[in-house]
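Here is the structure we will look at.
A short reminder: the numbers here are calculations on the coordinates, not readings from a lab. All of these numbers come straight from a predicted model, not from anything done at the bench. Cβ placement follows ideal geometry from the backbone for every residue including glycine, while neighbour counts extend to all protein chains displayed.
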Amino acid sequence: MFEIVLTDNGWEFSKPEDIEFDHNTGEKLINVFYCNPYSSWEKGGIERNHEFIRYIIPKDITFDQLTNKNIIDMMNNINNVKRKSMGFKTPYKLFKNIYGEEYTKKTSSEIHTQR
């Protein structure tokens, strides 16, 4: 679905190959690009998600002990918070408006069954 991931240089993104490649086929699926250090404006709207994640998982806490369910639950909560920058709609609602109910449900069920 997404051809590009734009992120910071945090340790959690230190292995781009884990994100970029399908581990079964070796096919490159997406490209990971990094913003410059201390340049949060280069990431635009995703910086708010990063803030929410850090409310839940403080900096210097490893993600290693998180299960896929933990991450899915966390992101489901984050994606259901209304944002002023989105006209007081949630990211989930906007995604659903763009891609439709059927695709949104299919994507959500795929996430839950894959992880």
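Quick notes
- Considering only 72, 9, 95, the residue lying farthest towards the positive end of the dipole of the chain is 95, judged by Cα position with unit charges set on Cβ.
- Here Cα Rg over 2.2 N^0.38 Å was computed from the coordinates, and among [x] 1.13; [y] 0.99; [z] 1.33 the match is [x].
- Given charges at beta-carbon only (K, R positive; D, E negative), |dipole| of the chain in Debye: 740 debye
- Pairs of Cα atoms nearer than 8 Å and 6+ residues apart set the relative contact order; for the chain it is 17 percent.
- Global form of the stretch 1-44, assessed from the alpha-carbon gyration tensor, a/c cut-off 1.5: oblate
- Subset of 15/96; 43/69; 15/105; 84/105; 59/105; 59/106 violating a 28 Å alpha-carbon distance limit: 15/96; 15/105; 59/105; 59/106
- For the chain, modelled as a GNM whose springs connect Cα atoms under 10 angstrom apart, the maximal fluctuation among 49, 24, 76 occurs at 24.
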